[in-house]
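Rule-based calculations on the coordinates, nothing more; no lab input. Predicted model only: the values in this text are computed from it and were never measured. Using ideal geometry, Cβ is built from the backbone for each residue, glycine included, and neighbour counts are taken over all protein chains shown.
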Amino acid sequence: MRRRLAWLATLALIGGWFYRDRLRTYLKEAFANVRAFDLPTAGTYDALVASALEGFYARVAEETASAFPRGRVLEVGSGPGQLAACLAREAPNVTLVGVDISEAMVERASRRADEAGLAGRVRFEVGDVGALSFDDGELDGVVSTLSLHHWPDPSRGLAEIYRVLKPGQEARIYDLAHWLWLPAQGGNRLSLLAAASPFGGGEVEVVRWPGAVPAFVLLRLRRKEEAGSSGRRIGAKEKTLNCSRRSARIDD
Ligand SMILES: C[S@@+](CC[C@H](N)C(=O)[O-])C[C@H]1O[C@@H](n2cnc3c(N)ncnc32)[C@H](O)[C@@H]1O
């Protein structure tokens, strides 16, 4: 038995030596993914986490479609694209751009939109919330789910979101409730972040999902109107269409 174990260990060492470059690349990528979205691959995130949150995305899509019924909307940290697919169905007059730091996430999200026949209205690109590729005041709305607590510099992210929003328009940032995100240490971290950002403050609401569990929060931020600006007011209640409760699954 001991000899067999010794043989297996030797074989593993030899294999590790031959494939060391590939192993190093894999481990580097896996650690970067854990920092960006808690799991070593985009596929496992999609299968384990994103799929379990379908009901949450349906709710966020409904609320977001009501807040942004038309125009150009940015989703920050769009992950595997489940919310984007749902939101695109819910808001047929919206064009959606998803930005995510992970190439593998962007690839999955693009594939999902393609397979759902939404590619004309939904696209994804690799990018960092701290350095968005959009012009000042270009967008009609920004939405994000469960991404802010992964941003290395959330203040910079909020400043960029402010910059790309049209005056008078809104960002809706959903994230984990403070009790689920230990580094938040206290309930007012998001309020403090918002107050220190160019938005000058925001509203934090508890989001109860699933059921009555206060598992999430919504940070609502509005870019100030400029004198003489004719920006559309956000929040006007408009009828939303049905969003399929099940976002299309994609195979690996
Ligand atoms: C926990 S996942 C959430 C994904 C998706 N929004 C959802 O609700 O399932 C966090 C996402 O934010 C992305 N992300 C992390 N840091 C980012 C950054 N600095 N800029 C843009 N995206 C980022 C990650 O790659 C990942 O896809």
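Scan the stretch 10-25 for residues that are aromatic (Phe, Trp, Tyr) and in a helix (DSSP H, G or I) and jot them down.
Trp17, Phe18
Tell me, yes or no, whether the stretch 173-181 has at least one residue that is touching a helix residue (DSSP H, G or I) at 6+ places or on another chain (Cβ under 8 Å), in a loop (DSSP other than H, G, I, E, B) and among the hydrophobic types (A, V, I, L, M, F, W, C).
yes
Quick check: is even one residue across the stretch 148-166 under 22 Å from Glu54 (Cβ atoms), of a type in the set (A, V, I, L, M), within 9 Å of the ligand (Cβ to nearest atom) and surrounded by 19 or more Cβ atoms within 10 Å (Cβ to Cβ)?
Looking for residues that are under 22 Å from Glu54 (Cβ atoms), of a type in the set (A, V, I, L, M), within 9 Å of the ligand (Cβ to nearest atom) and surrounded by 19 or more Cβ atoms within 10 Å (Cβ to Cβ), one finds at least one in the stretch 148-166, hence yes.
Got a sec? Which helices (runs of 4 or more DSSP H) wholly within the stretch 26-138 have at least 3 residues that are touching a strand residue (DSSP E or B) at 6+ places or on another chain (Cβ under 9 Å), more than 9 Å from the ligand (Cβ to nearest atom) and closer than 16 Å to Tyr174 by Cβ? Quick ask: steps written out before the conclusion?
Numbers: elements: 54-67, 82-90, 103-115.
Hits in the stretch 26-138: 54-67.
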